[in-house]
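Reviewing the structure listed below.
The values are calculated or read from the model by the stated rules, or taken from the named source; none is laboratory data. Treat the numbers as computed from the prediction; the structure is a model and nothing was measured. Ideal geometry is used to build each Cβ from the backbone, glycine not excepted, and the neighbour counts take in all protein chains shown. What goes into the accessible areas is simple: the full protein's heavy atoms, side chains included, and nothing from ligands, DNA or RNA. Shrake-Rupley method; radii C 1.70, N 1.55, O 1.52, S 1.80 Å.
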Amino acid sequence: MHERKNAKRYYVSGAVQGVGYRYFAERAAVQFGITGYVRNLRDGRVEVYAIGPVDSLASLRQRLERGPIGASVEKVTEEDTPIDPRFEHGFSIEYDG
């Protein structure tokens with residue numbers, strides 16, 4: 001039986017671009033069995049779209065709040081969002097932000 005999946009969109013603010021944050025987020029998502037994507041936004045934030053069980057999403061958020069060495073995370077906001085079937089099978093780094 002599969003656990004029910006939810007989707008969240010996280011917006012990470014602070015010194016989070018140019019410090020390997022997208023690769024850090026990708027590794028964490030894969031570790032927690034989460035699918036979706038991460039991308040830099042033009043306003044300096046990083047967006048993480050994540051699909052997974054509630055407990056895995058909570059673990060990912062904790063990791064996102066910490067960030068990689070060299071990053072300075074000021075804030076992580078989250079919002080519930082619909083599951084996009086295009087991102088249910090793997091986690092990717094997107095470059096169109």
Calculated from backbone phi, Karplus (6.51, -1.76, 1.60) coupling profile of region 4-20 in Hz, x at Gly/Pro: 5, 9, 10, 10, 10, 10, 10, 10, 10, 10, x, 8, 10, 10, x, 10, x
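With the other protein chains left in place, how much accessible area per residue, in square angstrom, belongs to the chain at a 1.4 angstrom probe?
Numbers: 5610 Å² over 97 residues.
I get 58 Å² per residue for the chain.
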Net charge of neighbours whose Cβ lies under 13 Å from the Cβ of A28, counting Lys and Arg as +1 and Asp and Glu as -1: +3
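Please list the equivalent ellipsoid semi-axes of region 40-92, computed as the square roots of five times the alpha-carbon gyration tensor eigenvalues, in descending order and whole angstrom. Mind showing how you got there, number by number?
Details: eigenvalues 84, 40, 23 Å².
Calculated on Cα positions only, the semi-axes equal 21, 14, 11 Å.
What Kirkwood hydrodynamic radius, in Å, does the chain give when the mean of 1/r is taken over all pairs of distinct Cα atoms and then inverted? Spell out each step's value before the answer.
Details: mean 1/r = 0.0765 Å⁻¹.
Result for the chain, one decimal place: 13.1 Å.
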Highest-MSF residue in the chain out of G18, G52, G33 [GNM, Cα springs under 10 Å]: G18
Heavy-atom accessible surface of the chain: percent carbon and sulfur, 1.4 Å: 48 percent
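What net charge is computed for the residues neighbouring K75, neighbours being all others with C-beta under 11 Å from the C-beta of K75, Lys and Arg scored +1, Asp and Glu -1?
Numbers: positive: R45; negative: E65, E74, E78.
With Lys, Arg at +1 and Asp, Glu at -1, the net is -2.
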Using θ = phi - 60° and Karplus 6.51 cos²θ - 1.76 cosθ + 1.60, couplings along region 25-36 (whole Hz; Gly, Pro as x): 5, 4, 4, 5, 4, 4, 4, 8, x, 9, 9, x
Listed residue (Y23, S92, V12) projecting farthest to the positive dipole end of the chain, Cβ model: Y23
Candidates per trypsin sites (Lys or Arg not before Pro) in region 1-61, loop by DSSP, up to 13 other Cβ within 10 Å: R4, R42
Total formal charge among the other residues, if their Cβ is under 11 angstrom from that of Q17, Lys/Arg +1 and Asp/Glu -1: +3
